[in-house]
Structures are given as structure tokens and as C-alpha cells.
Amino acid sequence: MTDHRRRPPRRAQGELEASVLSALREADGPATAGWVQERLGGGLAYTTVITILTRLLAKGAVTRERSGRSFAWLPASDEAGLAAHRMRRVLDAERDREAVLASFVTGLGPEDERLVRELLAQQPSDDADADAGDDAADAAPSPAGRPAQPHAERRARSRPRPGTDGED
Amino acid sequence: MGLFVFLPLVLPLTAWPVTRLAEHHLHPRTATRLLSGLAAVMAVCSTVCLGLLMVVGTAQLPGNPLPDGWSDPEVREAVPYDEFAGKAAIPALLAVALNCGRTLWRHRRVCRLAHRALAGLPLTEVAVLPDETPYAYALPGGRRDRIVVTTALLDHLQAAERRALFAHERAHLTAGHHRHLLAVRLAAQANPFLRPLRTAVAYTAERWADEDAARAVGSRRTVARAIGRAALVSHGAPHVTLAGFAAPGPVPRRVTALLGPAPAVRRRPSLFTAAGLAVWGAAAGAAVSAMSSANAAVTMLVILHAATPL
């Protein structure tokens, strides 16, 4: 129910936080909430700025120091750091996030870890020239200890692949 | 309609053999599309039949809002074991509706929150987040599809492997794998017999993206190395859903598959291999499922129409 009433500010929350943070980063040295409010313009209430700054403080994106009767605020991270923090909160709240977001890799059990290490160890250690040498390494005659598998791969890759994209 | 109304509830079992064999015998793209299609058809049919049973069951409850004629003996005779089946169908269908709704709601919510978390960053395809936890995933929807990756993961990969990672995630987004995954997750909620298809599609979709990435970067080896390295640095969070299985997990199988030759794309699997037989068996199961539920639905409509006092 409350969702309906508060919808516009909620949708803008992430962007508001980001703009407050970027305003702080443009200041030379600590800035007051009033300065941030002025800088942003756009009819933001003073209390809103304070709320957003407090929220950023909880996320570790800003720090503050007492100056006279109010606080002076300092940025502690950039927009990317703030986004990283928010993303972690989203992901940590989701118990089985693999179910929702297809992640690049799933975690490994101890047995899987051994298997992966073995599989990677079978590969020639081309760490140094991994960028340039991948295809060259494939086409070159296999160094000692490499099974006949590169030939199979070369065959598979050199085979004409008619319309691999549209075939089904 | 007799026992036909129960068939779609158990026919998902015919998809189990192909679930086991698809991984090794079908191209990942074919396997993903086939399995998610089968799951969707069978889930819809099974839910339709559950709905028909529920109508019969509800009509027997005292004080129900349905027309009185619907609890007549003629209607009840249409369903074998009408007393038990009808009443059991009510909580079953409610559970299906509730779980599907929750799955859908959570999917939307996570996507929305994740997009909102990125607000304030420039709207680029790749969003790099400074974070010590290594992770990467494709984030569909929002103002544009995005790839989210942390600096911790990028630091552990070489330039070619990073390209492989981005190509993999981009393949997820361009092929819309989240739709396949959502379809099988909903199907698994609709009928528990469809759960193996969910696990299978989660794997074949990753394999599909791996193969696309291998073609994009021009080296299967690089993609294999990228997956292996990424898994080794992010091994802190074991994949719980597969814990307890003796078989190797999805990551070693993906790496092994990439170190082997590229899978062939076949138009139509032969009937005379185990995999071909499994594919055609599952297709027949889905067809029978569709026909039985259509038959049951039409029969039920006719009977209910006749039983409704005008």
C-alpha cells in the first residue's frame, strides 16, 4: 500500500544518492548539507539531503566531521563503490541468487576444485602470451605431453560450419 | 475422459531420459530450446488437468459458489476417484499458483533491485564494480541489458580471458537465456516431475553461452581457462543445490566440454541412437500430454455445459 504513495521518490533513490555523492566529490574539502542542497538545486528539501547523506554514511560512501553546530561531509568512495555496495546488498539478500541471475560460474566443491586444477594444469602454461598466442598455440604442433586432442579440435574448427547461427 | 485427465500429471516422466542424455548428445542450443519447450508444454498441460480436477472437487464442497448441477453424478463419473482426486487437486493447484507467483515476483524484484543498484553509473553495457568478491553475471531488463562484473574477478583474468567472460555474458543476453531459465523454473513449480529439466537447462544454457563465447573469441581453450580460473577464485561459495552429488559439478564438466571438440549441430536426431530415442520419446510424451489435456478439457466443458441449469 505504502508503495503506491512513495513510488516516485523510491524510484529515484539510487540516482539521488549518486548525485549527492557526485556533488560532494566536486567540493574542495568538507561540505555542509546546505552547500550540497544549493549545489544540486532542483527543489530538494534540506531534510531530504540530510536523509540521503545519512543513508550514504550507513553505506560507508561518505564520512562526516563535526564543524561548529552541524556536520561537514566528505566523500569516502565514488559512484562505482556505492553501486558495488548496493549490489552486494541485493545479492546477499537473495538466498539462491543463482536461480535468478545466471552467474558466470557456480561455486566448487573440494572434489570439483581438484578436477578443475587438473584440467587447467593439462593446458600448456601460456600465461605469458595468452593474449597473442591462443590460436597460434592451437595450430602449432603439440608440445610434448599434450594428447592428440588438439588435432580433433583443429578438425572440428576447420570444418566448414554452414549457417551455424541459423541452423534450427 | 476417464484416466486421461491424470496422464499429463505423470507424463513429464517421459522427459527424464532426454534430460540425462541431452548434455552429451545434443548441441547445447538445441538442448536448451528442446528442454525448455518440453517443460513449458508439459507444465501447462499438467496445470490444465489439475484445474479440471479442482473444479470437480470444489463442486462437491458444501457452500461452494459453483452451479449446483456441477456436483451431479454425471459430472463426478467423468473423473475416476473423483472424491479423493478432486479434493487433493484443490491444495495442489493453490500451491502451484502460489509458488509460480512467488518465483515470478522474486525474479522481477531481483532484476529491478539490481538495476536500481547500478543507478548513477554511466549506462554502459559493462558495469565494473570495485568489490573484493569475485562475481559476474548478465542482468537483463531495465533500460538496457547489462553485464555486471567486479574488479576482483577481472584482476584474476588475463585480457583474452576477460574477453571470453564478456562474450559469455553477452551471449546470455542476446539469446535471452533468462527466459528459458524462468520458464523451466516455473514449470518445476507446476509439476515436481519437471525438476530435473530445470537443472538440465541451467547447465545447457551455460554451455550454450560457452560455445558462443568460444566462437566469438576464436578459442575454446581461452574460454575453458577463463571459467576454470573464475571458479577457482570464487570457490568460497559452494553451489548448494548440487551438494551431495558424487558426480563432478557443472564447472568441471563445462571446462572438459570446452577442451574437447566443438559439438556438432544436427538437424534431426536419428531414431536409432539412445539420445534420438530419448528425444522422440519426450516429444511423444509432450504430444500425448497435450492431447490428453485437450481431450479432458473439451470433455469436461461439454459435461459441465450439459449439467448447468439454464
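The values are calculated or read from the model by the stated rules, or taken from the named source; none is laboratory data. Remember, predicted model here, so these are calculated numbers, not experimental data. In this analysis, Cβ positions are derived from the backbone assuming ideal geometry, glycine residues included, and neighbour counts consider all displayed protein chains.
Return yes when B:Arg179 is surrounded by fewer than 19 Cβ atoms within 10 Å (Cβ to Cβ) and at pLDDT 90 or above and no when it is not. Criteria met by B:Arg179.
Only one entry of B:Thr204, B:Thr222 meets the criterion of being touching a residue at least 60 places away in the same chain (Cβ under 8 Å), assigned to a helix (DSSP H, G or I), among the hydroxyl-bearing types (Ser, Thr, Tyr) and within 8 Å of chain A (Cβ to nearest Cβ), and that entry is B:Thr222. Kindly check whether there is at least one residue in region B:242-251 that is surrounded by 14 or more Cβ atoms within 10 Å (Cβ to Cβ), modelled with pLDDT under 85 and not in a helix (DSSP H, G or I). Yes, region B:242-251 contains a residue that is surrounded by 14 or more Cβ atoms within 10 Å (Cβ to Cβ), modelled with pLDDT under 85 and not in a helix (DSSP H, G or I). Considering every residue within region A:52-69, establish whether at least one is touching a strand residue (DSSP E or B) at 6+ places or on another chain (Cβ under 6 Å), surrounded by fewer than 17 Cβ atoms within 10 Å (Cβ to Cβ) and of a type in the set (D, E, K, R). Within region A:52-69, one or more residues are touching a strand residue (DSSP E or B) at 6+ places or on another chain (Cβ under 6 Å), surrounded by fewer than 17 Cβ atoms within 10 Å (Cβ to Cβ) and of a type in the set (D, E, K, R).
Within region B:104-139, being farther than 20 Å from A:Ala83 by Cα, surrounded by 14 or more Cβ atoms within 10 Å (Cβ to Cβ) and either more than 19 Å from the chain's Cα centre (by Cα) or at pLDDT 90 or above (or both) holds for one residue alone: B:Leu104. Is region A:75-92 home to any residue that is surrounded by fewer than 21 Cβ atoms within 10 Å (Cβ to Cβ), away from chain B (no Cβ under 13 Å) and either at pLDDT 85 or above or part of a helix (DSSP H, G or I) (or both)? Within region A:75-92, none of the residues are surrounded by fewer than 21 Cβ atoms within 10 Å (Cβ to Cβ), away from chain B (no Cβ under 13 Å) and either at pLDDT 85 or above or part of a helix (DSSP H, G or I) (or both).
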